[in-house]
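Heads up, the thing below is written out as structure tokens.
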Amino acid sequence: MAYIYKEPSHTFGEYLLVPGYSSAECVPDKVTLRTPLVKFNKGEEPAISMNIPMVSAIMQSVSGEKLAIALAKEGGVSFIYGSQSVEDEAAMVARVKAYKKGFVTSNSNIRPDATLADILALKAKTGHSTVAVTDDGTANGRLLGIVASRDYRISRMELDTPVSSFMTPLDKLVVASDETTLKEANDIIWDNKINSLPLLDKQGHLKYLVFRKDYDSHKENVNELLDHNKSYVVGAGINTRDYEQRVPALVEAGADLLCIDSSEGFSEWQKRTIGWIRAKYGDTVKVGAGNVVSREGFRFLAECGADFIKIGIGGGSICITREQKGIGRGQATSLIEVAAARDEYFEETGVYIPICSDGGIVHDYHITLALAMGADFVMLGRYFSRFDESPTNKLLLNGNYVKEYWGEGSNRARNWQRYDMGGDGKLSFEEGVDSYVPYAGSLKDNVNSTLSKVRSTMCNCGALSLPELREKAHITLVSSTSIVEGGSHDVILKETQE
């Protein structure tokens, strides 16, 4: 008969952290959240580490280029979604790598023969009031002028007024060479009391814009995650089908690391994929694998050569794998078992393989629990899908703003390649749903709020680092009654009164 586990599996909502002794030195400002992203040998430093333990999920509705840049600014890493063409994914990675800190590629551009109506439509679409006027209306066309909000008054101008008649022309603009450094550009902005500085190449083509308003924000990004070229670190998703074409394209585009996006990672398909990467690139290309939920699954992928391993099956908010197929395991139980296997493997081999908890995060404190249970970092989908920077539309639904969010196993994503079953290039049945999530604003504000809770809880446990948290944390399983006790109860909430 089948092997049957003696204990039920549990999820994060069934656990609480028990406070430990906190010294006067244990304050949130002194907590470091730095964590390894890829495997390393004992006594050595990992090739890639993160400044915060958060990565974004390999999903169409989550990880586009805007979110990748925003998360790297905060110290984490996005994995650009792989359920698109090889060329489109590589181009998206290349744009993230080409993004220069403080140097913005204009996404509000127009031709000089356009009209005021076109300017207003473009502003409504992008939300930007500074529009570059180029000869061909592209971001890298020859610059002819700039239109800012001060250049027109809707109440006094006809909508068919041509842009060329009210733009600030090139000969009246302060511009600089595209070889100008960020410090030099900011000095020019301040010395000339201007709000933006176009940077042009020798032929007069627009390359970048530097904005006055960005100066303070760059000072604030103390945790930003950069490579040796001062470009933002970015990951990319791959599958076990077209890796011979996709991996070289992503490496060429500059991806810092890859991750196999699969519903279940304990398979020969992942072994073949990792083996091909190792045969072609050795250890120079970093690749994560998964997902697994057991000690055996971890050992398999560790021996295949994975640089990090993802934990979790069926725990995502839009995932219905457990409903459809009856496979999976409670996220907390999976993580606890795999973390023990990771530590055991480290003792045996001297190789530390980071593990990523993927799924099951409902509340912010679940992140702290996952880290205390052994995760080196967490992968989040729903969490990041709510923000301005995610690729989906913001909609007004029943009086509230929401964003669209769908699973990679849904028919909308049509991502059949993540299911390691071979056969036809189509989904036989869905393992994800199409949904909405409440709109939550900017990534920066929300991540800072979440991590302030994590740091505060770590101090309650007497820990100033993630390894110290894993060493010192005490975790208790709670009853269903005690879960109810943990929320507001036996009161009438003011906001519920009519």
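Residues THR115, THR11, sorted by accessible area with the largest first, give THR11, THR115 [1.4 Å probe; ligands and nucleic acids excluded]. In this structure, the amide hydrogen of THR161, modeled 1.01 Å from its nitrogen in the peptide plane, lies closer than 5 angstrom to those of LEU116, ALA117, counting only residues at least 5 positions away or on a different chain. Working ranking of peptides 152-161, 365-374 by packing, defined as the average number of other Cβ atoms within 10 Å per residue, highest first, is 365-374, 152-161. Split the accessible area of the range 86-197 by element, probe 1.4 Å, and carbon with sulfur accounts for 51%.
What the Cβ-Cβ distance of ILE475 and ASP135 gives, at R0 = 45 Å and to the nearest 0.05, is a FRET efficiency of 0.10.
Mind checking the full-extension length gain between GLU158 and LYS394? Use 0.36 nm per residue of separation minus the Cα-Cα distance, one decimal, nm.
Contour length minus Cα-Cα distance gives 81.9 nm.
For the pairs LYS193/LYS230; LYS42/LYS286; LYS100/LYS310; LYS101/LYS213, note any where the Cα-Cα span goes beyond 21 Å. Listed pairs above 21 Å: LYS193/LYS230; LYS100/LYS310. Note on CYS459: accessible area is roughly 10 Å² with a 1.4 Å probe, heavy atoms of protein only. Calculated FRET efficiency, ASN192 to LEU493, Cβ-Cβ distance, R0 = 41 Å: about 0.15 to the nearest 0.05.
Scanning the chain for long hydrophobic helices, with DSSP H runs required to stretch 20 angstrom or more by C-alpha along their axis and to average at least -1.0 on the Kyte-Doolittle scale, returns 331-349, 443-460. Across every pair of non-identical alpha carbons in the chain, the mean reciprocal distance, once inverted, gives a Kirkwood radius of 24.7 Å.
Taking all protein chains into account, the per residue accessible area for the chain stands at 48 Å² (1.4 Å probe). The loop-placed trypsin sites (Lys or Arg not before Pro) in the range 1-87, going by DSSP, that have at most 16 neighbouring Cβ atoms within 10 Å of their Cβ come out as LYS6, ARG34, LYS42. Beta bridges from DSSP with both residues in the chain: antiparallel share about 55 percent, rounded to the nearest 5.
Approximating the spin labels as points 7 Å out from Cα along Cα→Cβ, the LYS230-to-GLU179 distance works out to 1.6 nm. Sorting THR35, THR126 by solvent-accessible area of protein heavy atoms yields THR126, THR35, largest first, with a 1.4 Å probe.
Annotation: lysines with alpha-carbon distance below 18 angstrom to LYS125 (same-chain offsets under eight excluded): LYS66, LYS394, LYS403.
Per-residue Karplus couplings for the range 33-48, computed as 6.51 cos²θ - 1.76 cosθ + 1.60 with θ equal to phi - 60°, are listed in order as 10, 4, 8, x, 9, 10, 5, 7, 7, 3, x, 10, 9, x, 5, 9 Hz, Gly and Pro entered as x.
Taking 0.36 nm per residue of sequence separation and removing the Cα-Cα distance, the TRP276/SER442 pair yields an extension gain of 55.8 nm.
Projecting the Cα positions of SER196, SER267, SER106 onto the charge dipole of the chain (unit charges on Cβ atoms of Lys, Arg, Asp and Glu, taken about the Cα centre) puts SER196 furthest along the positive direction.
Compare ASP283, ASP490, ASP242 by solvent-accessible area with a 1.4 Å probe and give them largest first, with all protein chains kept in place.
ASP490, ASP283, ASP242
How much length, in nm to one decimal, is gained on full extension between TYR401 and THR349, taken as 0.36 nm per residue of separation minus their Cα-Cα distance?
Once the chain is fully extended between TYR401 and THR349, it gains 13.6 nm.
Our note on the geometry: Cα centres of the range 327-359 and the range 225-296, 19 Å apart.
The values are calculated or read from the model by the stated rules, or taken from the named source; none is laboratory data. Treat the numbers as computed from the prediction; the structure is a model and nothing was measured. Backbone-built Cβ (ideal geometry, glycine too); neighbour counts: all protein chains shown. Keep in mind that these areas ignore ligands, DNA and RNA; they rest on the heavy atoms of the full protein, side chains included. Shrake-Rupley method; radii C 1.70, N 1.55, O 1.52, S 1.80 Å.
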